[in-house]
Amino acid sequence: MSIDGEMGWRKAIPQDKDVRQSRALALTVGALLIALSIQTIAILYPLAARFPVFVFGAFGISVFFALTVFGLKAATAPAAASGAMICLLLIIWTSTYPGSLLHTALLPLILLFVLTFCTTRMGRQRKTNAGLAEHRTGRNAAQIIANLSVSAASSSLMGIGILRGWLPHTTPIHLAGTVALAALAEATADTVSSEVGQAFGGHPLLLTTLQRVEPGTDGAISLRGTVAGIAGGAVVIWAGAWALRLGVQTASITLLAACAGLFFDSLLGATVERRGWLGNDLVNFTSTLFAAVIAGGLLIALPQ
């Protein structure tokens, strides 16, 4: 969901407070992504000679991805750079060696971009008239980090942790890919549900009271938007399950976690966001983190 529309500020949180929160998120998590990228490059350096196609392919695809989203005006330059780091980390830490670029989180990441790009532009004039349309310059770095950083950071930290011996060797081999996929699916479901709901959902219901509210209200849900969001998340999970070679049970856990994250996002919107305590970026970040934690917890707790 966009932070503010092209018709002016419409959020409960004061704009300056929202900007400070978004900047703090971008700086803090952005620094973590930079550190993880540097660590990943250091690990990849000795592997480049053994797996040149995979290593250089991962770098090339990440740069191409950033240039594409920037060229389509789907993201600003800092946001595209953040996306490049996220793309690289997801490819590297959701793969097995020697691996294929197709069998990483690259495919669900691409589907996320396609689905969110298309739905953001659905009913563009209607959203513009209502003051709900995203800025034509695309998403900024804070928005990209809020929606995608959890998937990259969690998989990277787990992969590095297992490699360095910080995590037990009994850690499920597909745990990193599962939590990353859950976060990506939640981000997809949230954006698709918001954009479709704003364009075609009519007057939605506030999650906490089930009262009719205006489109774009924090914490509002609509049947069309929710169904579209869950369908979008399911498509990302279906592709990710194939790419990451996840079983039916693991894919089901991931879908459940993504749906839980989607409704948790609406709950936060209807409570802390409507009270002006948290801005949209922090709500989105927290919701993807919630989905990743649920997926990881269920995967560890349930017998495989």
Open item on the list: Could you list, ordered by first residue, the pairs with Cβ atoms under 8 Å in which the first is in the range 282-304 and more than 28 Å from Asn140 (Cβ to Cβ) and in a helix (DSSP H, G or I) and the second is open to solvent by less than 40 Å² (accessible area, probe 1.4 Å) and among the polar types (S, T, N, Q), at least 6 apart or interchain?
Closed with: Gly296/Ser154; Gly296/Thr178; Leu299/Thr178; Leu299/Thr250
- [ ] Would you point out the residue of the range 174-214, among those that are among the aliphatic types (A, V, I, L, M) and without any contact (Cβ under 8 Å) to a residue 40 or more places away in the chain, that is least open to solvent (accessible area, probe 1.4 Å)?
- [x] Val213
- [ ] Among what's in the range 85-105 and is open to solvent by 20 Å² or more (accessible area, probe 1.4 Å) and assigned to a helix (DSSP H, G or I), pick the residue that is modelled with the highest pLDDT.
- [x] Met85
TODO: Hey, could you check the range 37-82 for residues that are of a type outside the set (A, V, I, L, M, F, W, C) and under 19 Å from Ala153 (Cβ atoms) and say which is most open to solvent (accessible area, probe 1.4 Å)?
DONE: Pro78
Task: Hits in the range 261-275 - residues which are in a helix (DSSP H, G or I) and in contact (Cβ under 8 Å) with a residue 40 or more places away in the chain - done: Gly261, Leu262, Phe263, Asp265, Ser266, Leu267, Leu268, Gly269, Ala270, Thr271, Glu273
TODO: Confirm whether Phe64 is aromatic (Phe, Trp, Tyr), out of contact with any helix residue (DSSP H, G or I) (no Cβ under 8 Å at 6 or more places or on another chain) and at pLDDT 95 or above.
DONE: yes
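The values are calculated or read from the model by the stated rules, or taken from the named source; none is laboratory data. Model, not experiment: these values are computed from the prediction. With ideal geometry, Cβ positions are generated from the backbone for all residues, glycine too; neighbour counts draw on all protein chains shown. In case anyone asks, the SASA skips ligands and DNA or RNA and just uses the protein heavy atoms, side chains included. Shrake-Rupley method; radii C 1.70, N 1.55, O 1.52, S 1.80 Å.
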